[in-house]
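Participant: Pasting in a structure now, in structure tokens, and then I'll have a few things to ask.
The values are calculated or read from the model by the stated rules, or taken from the named source; none is laboratory data. Predicted model only: the values in this text are computed from it and were never measured. We place every Cβ from the backbone using ideal geometry, glycine too, and count neighbours over all the protein chains shown. We work out accessible area using only protein heavy atoms, side chains counted, and drop any ligands, DNA or RNA first. Shrake-Rupley method; radii C 1.70, N 1.55, O 1.52, S 1.80 Å.
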Amino acid sequence: MPDFYPQLPISTMPKAYLETYGCSANLADTEMMKGLLQRKGFELVRTPEQADISIVNTCAVKDATEKRMVQRIKTLSAKPLIVAGCLPEARRGLAERLAPNASVLGPDAIGSIGEMASSAISGRRIEDFSRQNKVLLPKVRANPTIDIIEISSGCLSSCTFCATKLARKDILSYRPAAIRQAVQLAVADGCKEIWLTSQDASAYGADIGTDIASLLESVCAVDGDFMVRLGMMNPLHFLKGKRLSELLETYRNAKVFKFLHLCVQSGSDTVLADMQRGYAVSDFKRIVAAFRAEMPEITVWTDIIVGFPTETYTDFAQTMELLEEVKPDMANVSKYSARPGTKASVMAQLPVDAKQERSRRLSELVGKISLEKNVQWKGWKGTVLVDEYDKRLGVWTGRNYAYKKVAMRGNFRHGQKVEAEIVNAGIAHLEGRLLAASN
Ligand code: SF4
């Protein structure tokens, strides 16, 4: 089993422990905070018991997540603590009430982690909610094959259910040249997968006079053997101009995983309007169809919120119909929860049991469709990039060009390319038989 924490000598260096919740943008933030702390002379440790200071990188997206965060903050506040991430920004004052001595770091202020940790250990409480550039910061990667690059923070929308907006605010895009340089450094470090992540990749560049298609093209122009995964997008930004055709053009590049994460959220135009999403169900269908026309085997992921306050049974049925029609390879189903400070939180809420029943039925349908889609890959032969040792499955897994997860028996290493044949399929992954392995 691989182990990627650097074997640091036993020292008098201050010891820091970090734990992370939420999306890949938060994962990237934690990797950078680790890099900055190491540069500041901190030793990274695995447990809060070993640590002089703990940093909890929080998520604010759901009620259930917040409840977990609250418990962790209370537990960890017995020792010097920094509460980072979206929660302290989206719920100002909450962290202070839970842990009055804890320092508080906004999601865009991670560049200050080194100073803040040193101050916190010496008992000085600091707050920092500044918006800083987050590209080209040192990092300690959780996975040596994958480099997660945040291309922007925030978005251009104001979805009525969204607490992330309260934390990440309006779009702040990072410079294409800096992102390109970050890719060059990652490839030089041996990374084979580049994840370009943000709250809404399709809004990238609107504040600096560029766009996601131009950025993707510029990233693919970097020399080296690597693949790029583009993060989640909002259909809204494909309605005007040539954004869709330009992105389709760039997706033809062999370095781009044929993977589209397009968040529809509901199959009802009435609910989409109440969510202030700014597009119609037909727009989502048209965009997916355009990608499938170009690359029929593209992997499509989407996000669905079930139980939004104004969702009637008919609206819910329309969401089920949309999934049966579009057949996404995977859909993240979230039960709506009222987030303080959002417009939807003051609407009349649906009964909990109605939300649970709809979520159960939707998840069941999603699982059935995912299996149906994966079974179509049986018999496929091709290259798989090994990128993870899956502890749950107890085997190595990798990704093919359509970002399909392929599990394989045998001994492999990170970043290795193998030839495999798909012999079986499950809901969340394919099973591959090894045909040939590169050295
Ligand atoms: S696009 Fe909407 S859901 Fe996504 S981060 Fe922005 S406000 Fe939230």
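Participant: How big is region 146-375 in terms of Cα radius of gyration and Dmax, in angstroms?
Facilitator: In Å, with Rg to one decimal and Dmax whole: 18.0, 54.
Participant: Keeping all protein chains in place, calculate the accessible area per residue for region 10-128 (probe 1.4 angstrom), answer in Å².
Facilitator: So region 10-128 comes to 40 Å² accessible per residue, rounded to a whole number.
Participant: Still on this structure, I have one more. Could you check the simple spin-label distance between E246 and K391, using points 7 Å along Cα→Cβ, in nm with one decimal?
Facilitator: 4.2
Participant: Give me the percent of accessible area attributable to carbon and sulfur for region 10-167, probe 1.4 angstrom.
Facilitator: Taking all protein chains in place, region 10-167 shows 53 percent carbon and sulfur surface.
Participant: Take the residue pairs K15/K67; K285/K391; K255/K373; K67/K134; K79/K404 and return only those whose Cα atoms are more than 32 Å apart.
Facilitator: Correct reply: K285/K391; K79/K404.
Participant: Could you tell me the center-to-center distance, by alpha carbons, between region 49-112 and region 256-293 in angstrom?
Facilitator: Here the two parts' Cα centres lie 34 Å apart.
Participant: Give me the base-10 log of I(q)/I(0) for region 94-150 at each q in 0.19, 0.27 Å⁻¹, Debye formula, one uniform scatterer per Cα, rounded to two decimals.
Facilitator: Debye curve over Cα of region 94-150, log10 I(q)/I(0) at q = 0.19, 0.27 Å⁻¹: -0.78, -1.08.
Participant: Taking the chain as a Gaussian network, where each spring joins two C-alpha atoms under 10 Å apart, which residue of V306, V375, V384 fluctuates the most?
Facilitator: V375
Participant: Let me ask something additional. Run the numbers on the chain and let me know its relative contact order in percent, using alpha-carbon pairs under 8 Å that are six or more apart. Could the numbers behind the result be given before it?
Facilitator: Working: 897 pairs, mean separation 45.5, N = 439.
So the answer I get is 10 percent.
Participant: Apply the a/c threshold of 1.5 to the C-alpha gyration tensor of region 381-437 and tell me whether it is rounded, prolate or oblate.
Facilitator: The shape class here is rounded.
Participant: Right, next: With runs of 4+ DSSP H residues as the only contributors, calculate the mean residue ellipticity of the chain at 222 nm using -39,500 (n - 2.57) per run, divided by the residue total and rounded to the nearest 500.
Facilitator: After summing the helix terms and dividing by residue count, I get -10000 deg cm²/dmol.
Participant: Now, a different point. Given 20 °C and 1.002 mPa s, how large is the Stokes-Einstein diffusion coefficient of region 313-375 in µm²/s, with Rh as the Kirkwood radius over Cα pairs?
Facilitator: On the way: Rh = 13.0 Å.
For these conditions, the coefficient is 164 µm²/s.
Participant: Right, next: Would you look at the GNM of the chain, springs on alpha carbons closer than 10 Å, and say which of T314, T197, T58 moves the most?
Facilitator: T314
Participant: Name every cysteine in the chain that ends up alone, with no second cysteine's Cβ under 4.7 Å, or say none.
Facilitator: If one checks each Cβ against the other cysteines of the chain, C23, C59, C86, C155, C191, C220, C263 turn up with nothing under 4.7 Å.
Participant: For region 354-371 and region 26-44, what is the separation of their Cα centres, given in Å?
Facilitator: 38
Participant: Also: Against the 2.2 N^0.38 Å scaling, with N counting residues, where does the chain land? I'd like the Cα-based Rg ratio to two decimal places.
Facilitator: Relative to the 2.2 N^0.38 Å estimate, the chain comes out at 0.98.
Participant: Using the Cα atoms as the points, what is the convex hull volume per residue of region 42-142 in Å³?
Facilitator: Numbers: hull volume 11.1 nm³, N = 101.
Given the Cα convex hull of region 42-142, per-residue volume reads 110 Å³.
Participant: Would you list, by chain and number, the lysines whose Cα falls below 21 Å from the Cα of K62, excluding same-chain residues fewer than 8 positions away?
Facilitator: K74, K165, K169, K335, K343, K355
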